[in-house]
Amino acid sequence: MSDHTHQIRLLRDLADALEAQSNPANDPFTPHPDTQLIIAARHTSRGQLNYAVPDALQLQRRIRRFNADTGIAHGDLIAIALDTFLRAKGYPPQLRTTLRG
């Protein structure tokens, strides 16, 4: 009998990667459940993310306005937006399995 350990491991890795991607929802901007858990966690460590963006997009003004309207913190908004975009493009994070249960 052949040893299929390597193939099984590859299939499990693929299944984990697919699970980490967002499933299409009615609202394409709905954050992934794992992302919501991370953002909601009280002791989530955070890092600085600095990028120069075109002033013409008025991102800073729009982010402040969105924050005033929704109460979602600036950093959380950026994290949700980038995570949703990157997952949709096939770049999910490699999260620890403890996050999912």
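The values are calculated or read from the model by the stated rules, or taken from the named source; none is laboratory data. Predicted model only: the values in this text are computed from it and were never measured. We place every Cβ from the backbone using ideal geometry, glycine too, and count neighbours over all the protein chains shown. We work out accessible area using only protein heavy atoms, side chains counted, and drop any ligands, DNA or RNA first. Shrake-Rupley method; radii C 1.70, N 1.55, O 1.52, S 1.80 Å.
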Worksheet item: Distance in nm between label sites at ASP69 and LEU11, each 7 Å beyond Cα in the beta-carbon direction?
Response: 4.7 nm
Worksheet, complete the sentence: The whole-number value in µm²/s of the Stokes-Einstein translational diffusion coefficient for segment 46-85, with Rh from the Kirkwood sum over alpha carbon pairs at 20 °C and 1.002 mPa s, is 195 µm²/s
Item to complete: Compute the FRET efficiency between GLN48 and ASP27 as 1/(1 + (r/R0)^6), taking r as their Cβ-Cβ distance and R0 = 35 Å, and round to the nearest 0.05.
Response: 0.75
Worksheet entry | Apportionment of accessible area to carbon and sulfur, segment 35-101, percent (1.4 Å) | 55 percent
Worksheet, complete the sentence: Residue by residue through segment 49-65, the couplings from Karplus 6.51 cos²θ - 1.76 cosθ + 1.60 with θ = phi - 60°, in Hz, x for Gly and Pro, are 10, 10, 9, 7, 10, x, 4, 4, 6, 6, 4, 4, 5, 5, 5, 4, 5
